[in-house]
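Please read the structure below before turning to the comments.
The values are calculated or read from the model by the stated rules, or taken from the named source; none is laboratory data. Small disclaimer: the values here were computed from a predicted structure and weren't measured. Here the Cβ positions follow ideal geometry from the backbone for every residue, glycine too, while neighbour counts run over all protein chains shown. For the accessible areas, the whole protein counts, side chains as well, though only heavy atoms, and no ligand, DNA or RNA atoms are used. Shrake-Rupley method; radii C 1.70, N 1.55, O 1.52, S 1.80 Å.
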Amino acid sequence: MASSCPHCKDRNLHPSRIEADLPALSCEGCGGSLLSLVAYRHWRENQPGQESVDTSDDGLDEVKDTSIALCCPKCEHFMTKFRMSADARNQIDLCVHCDEAWLDRGEWQLLDRLALAGKLTQMFTQPWQNRVRSTEAERRAELRWSERLGEHYSRAQELREWLRSNPQAREILAYVNQIRDDIPL
Ligand SMILES: [Zn+2]
Ligand SMILES: [Zn+2]
């Protein structure tokens, strides 16, 4: 039985290849692909150990993401969304019943650019999702500090980094803190 695209619904998925040795089922309408994690793990195990890391981060936001809930083409259950990284808003849909992942057009290439193509199964775990959220929270906090400190932000950052790596950081802070009461509010 042919599976239909969870996105376009009226189109069937056809056998395709995400990589030369990684089969999937793809939709010619939206360009998305259904990837079996069984096939993925097999591909992953046959990859050379060293993953190529492409550090260029241009155009990361170009890849469109489906924000609506999708139904698994195989079992019709709702798929669960997982964030791939704090560096991209994209989410990968996974059917936890069938172990099938849905990648929107360009998302595999995006994973590749973020050097995450080999980490797909780790992405579908709570620790990974927690890490994405905490990284984003840290970035938001950092942004608020930069707004609050304005022109002094970069200097404050330098000072913090210097202290972070300094074995006497606590003493230095105690020393500096002595002037606290002299500083006008
Ligand atoms: Zn489609
Ligand atoms: Zn399913």
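Test HIS42 against the stated conditions and say whether it is modelled with pLDDT of 90 or more, within 16 Å of ligand 2 (Cβ to nearest atom) and open to solvent by 70 Å² or more (accessible area, probe 1.4 Å). In short, no. Among the residues of segment 16-39, just one is among the polar types (S, T, N, Q), away from ligand 1 (no atom under 11 Å from the Cβ) and touching a residue at least 24 places away in the same chain (Cβ under 8 Å), namely SER36. Of the residues making up segment 149-178, those that are open to solvent by 90 Å² or more (accessible area, probe 1.4 Å) and hydrophobic (A, V, I, L, M, F, W, C) number 3.
Residue-level check: of (1) surrounded by 11 or more Cβ atoms within 10 Å (Cβ to Cβ); (2) not in a helix (DSSP H, G or I), LEU185 misses just (1). Within segment 3-15, the residues that satisfy the criterion of being open to solvent by 30 Å² or more (accessible area, probe 1.4 Å) and within 13 Å of ligand 1 (Cβ to nearest atom) are SER4, HIS7, CYS8, LYS9, ASP10, ARG11, ASN12, HIS14. Being basic (Lys, Arg), open to solvent by less than 40 Å² (accessible area, probe 1.4 Å) and closer than 30 Å to GLN47 by Cβ is a property that holds for ARG83. From the list ARG139, ARG105, the lone residue that is in a loop (DSSP other than H, G, I, E, B) and of a type in the set (D, E, K, R) is ARG105. Whether a residue is out of contact with any helix residue (DSSP H, G or I) (no Cβ under 8 Å at 6 or more places or on another chain) and away from ligand 2 (no atom under 16 Å from the Cβ) was assessed, and ASP21 does not pass this test.
Scanning segment 11-32 for residues that are over 20 Å from THR66 (Cα atoms) and in contact with a Lys or Arg (Cβ under 8 Å, 6 or more places away or on another chain) yields a single hit, PRO23.
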